[in-house]
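The values are calculated or read from the model by the stated rules, or taken from the named source; none is laboratory data. Treat the numbers as computed from the prediction; the structure is a model and nothing was measured. Please note: Cβ atoms are built from the backbone with ideal geometry, for glycine as well, and neighbour counts cover all protein chains shown.
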């Protein structure tokens with residue numbers, strides 16, 4: 001990769017670069033390279049993803065699949081991240097994925113990519129903050145005997161959404177500071193958790209158990225199938241690193257800082273997540289008891305069994321604060337996506353969602369829209385946790401394919417692609433091909449049934465995988481809205497290019 005001696009290497013050229021892409025700079029550039037990496041690291045949040053998916057991993061392959069799956073998936077995600085980082089460097093805008101797709105593939109590519117990305121981000125806020133509400137309910141239960149009913153959990157969720165909205169209204173400077181704190185909180189939190197689980201318990205599992213034990217609690221007979229769906233522990237966690245691209249219009253030297261931010265966030269998460277998973281698994285005292293814990297949170301049971309109630313509550317607080325950082329970063333990324341998508345006419349109420357506060361230059365209405373839709377998406381949790389699974393599915397099944405589309409178009413139209421400051425050089429195409437193939441593979445995995453009913457039936461309402469339904473619904477919504485509003489959707493840079501082409505034709 002290379003980014004030296006590039007004519008855009010001066011950070012002062014950021015706004016000129018943005019104007020060259022067709023946009024007037026309206027957001028403050030108050031985020032540095034570290035802050036940009038920190039927001040993606042916070043959204044990935046190993047203390048959110050690994051913790052909430054750990055119980056799933058205990059059933060789908062057990063320790064060996066969780067540990068080695070994390071290593072393998074992390075490597076593949078790093079490849080996807082590198083391919084996406086290269087395109088991000090060429091097009092550092094808040095629109096990120098949809099703008100890249102629009103520039104490289106045209107209007108329809110940009111439209112569908114944008115809707116997948118937006119719905120994925122909205123589902124991300126809902127799933128992250130609702131997961132945080134569940135962990136908060138578990139902590140309150142241990143501390144005060146609080147019974148976390150669906151209604152009470154939903155009210156905790158609403159309070160968390162409100163907190164994240166208020167924090168984001170203060171501007172990108174505060175968001176950047178909180179994300180920087182988040183990095184050290186996550187790294188320190190992983191260190192504290194693993195150290196406590198290493199030193200305090202008198203009993204630990206063997207290395208043979210941690211690295212080779214295979215468990216199939218899914219009901220499916222094929223070990224290969226179980227291993228495949230067990231990879232989703234890591235893949236669910238490794239999402240959201242497009243946040244670095246969405247905040248690029250508020251980042252200095254964005255053509256370098258944003259792609260570096262993607263790569264750094266994935267690398268830090270890869271290492272920290274591996275340490276966390278290994279530490280948790282060594283500390284398991286009772287495998288069956290951890291799976292069927294009354295807390296509903298298997299890592300919490302590991303904390304209780306290993307450290308006692310006081311230690312467990314302390315570590316739960318560490319995890320809850322990490323999840324709060326994660327949800328706040330996701331809110332920031334989603335609000336910028338709303339701002340950018342509305343700016344190009346893809347959302348009704350364009351003037352409202354693109355309005356920025358005079359003092360902080362923050363798209364306040366876009367922030368409120370983001371948390372408001374997330375609140376609505378969580379309402380099914382009152383009636384069915386299975387129905388709420390569809391909300392989580394919207395997050396992963398929407399955002400994951402959206403990563404591959406700009407990469408695919410960069411390969412398909414390589415002759416029209418001009419690399420930015422951060423480039424993979426001759427490795428851009430082969431790395432991109434591997435990335436697209438991997439995303440296609442994991443998208444299929446997301447859609448597969450993940451558990452089989454005990455009755456032997458193929459599926460029931462409790463075991464149905466809502467991911468393909470969420471994907472189909474997202475595409476139908478995008479298609480319908482294309483018919484209604486697609487004509488008003490026009491990225492300024494593309495329009496400018498079209499006008500220039502007309503002028504050139506007239507000259508010839």
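Here are a few things to note about the model shown:
- Verdict on residue 237 being modelled with pLDDT under 95, in contact with a helix residue (DSSP H, G or I) (Cβ under 8 Å, 6 or more places away or on another chain) and surrounded by fewer than 24 Cβ atoms within 10 Å (Cβ to Cβ): no
- The condition (being within 28 Å of residue 316 (Cβ to Cβ) and assigned to a helix (DSSP H, G or I)) is satisfied by just one residue among 140, 118: 140.
- The lone exception for residue 92 - which of (1) in a helix (DSSP H, G or I); (2) modelled with pLDDT of 90 or more it fails: (1)
Conditions tested, residue by residue: (1) modelled with pLDDT under 85; (2) surrounded by fewer than 18 Cβ atoms within 10 Å (Cβ to Cβ); (3) closer than 15 Å to residue 122 by Cα.
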position	(1), (2), (3)
344	yes, no, no
347	yes, no, yes
365	no, no, yes
382	yes, yes, no
404	no, no, no
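- Of the residues in the stretch 49-72, at least one is at pLDDT 85 or above, buried (at least 18 other Cβ atoms within 10 Å of the Cβ) and assigned to a strand (DSSP E or B).
- Any chance residue 110 is over 14 Å from the mean Cα position of the chain (by Cα) and either free of Cβ contacts under 8 Å to residues at least 24 places away in the same chain or more than 20 Å from residue 243 (Cα to Cα) (or both): no
- Tally of residues being buried (at least 17 other Cβ atoms within 10 Å of the Cβ), touching a strand residue (DSSP E or B) at 6+ places or on another chain (Cβ under 7 Å) and not in a helix (DSSP H, G or I) across the stretch 171-215: 1
- Residue 285, sole failed condition from (1) in contact with a helix residue (DSSP H, G or I) (Cβ under 7 Å, 6 or more places away or on another chain); (2) at pLDDT 90 or above; (3) surrounded by fewer than 24 Cβ atoms within 10 Å (Cβ to Cβ); (4) within 19 Å of residue 48 (Cα to Cα): (4)
- Number of the condition not met by residue 422 [criteria: (1) surrounded by 20 or more Cβ atoms within 10 Å (Cβ to Cβ); (2) at pLDDT 85 or above; (3) closer than 28 Å to residue 133 by Cα]: (3)
- Among all residues of the stretch 144-153, there is none that is part of a helix (DSSP H, G or I) and either buried (at least 24 other Cβ atoms within 10 Å of the Cβ) or at positive phi (or both).
- Taken over the stretch 273-295, the criterion of being free of Cβ contacts under 8 Å to residues at least 60 places away in the same chain and in a helix (DSSP H, G or I) is satisfied by 288, 289.
- Qualifying positions in the stretch 240-272 - outside any helix (DSSP H, G or I), surrounded by 24 or more Cβ atoms within 10 Å (Cβ to Cβ) and on the phi < 0 side of the Ramachandran plot: 241, 242, 247, 251
- Residue in the stretch 298-312 that is in contact with a helix residue (DSSP H, G or I) (Cβ under 7 Å, 6 or more places away or on another chain), under 25 Å from residue 40 (Cβ atoms), at pLDDT 85 or above and surrounded by fewer than 24 Cβ atoms within 10 Å (Cβ to Cβ) present: no
- For the stretch 330-348, the criterion of being in contact with a helix residue (DSSP H, G or I) (Cβ under 8 Å, 6 or more places away or on another chain) and on the phi > 0 side of the Ramachandran plot is met by at least one residue.
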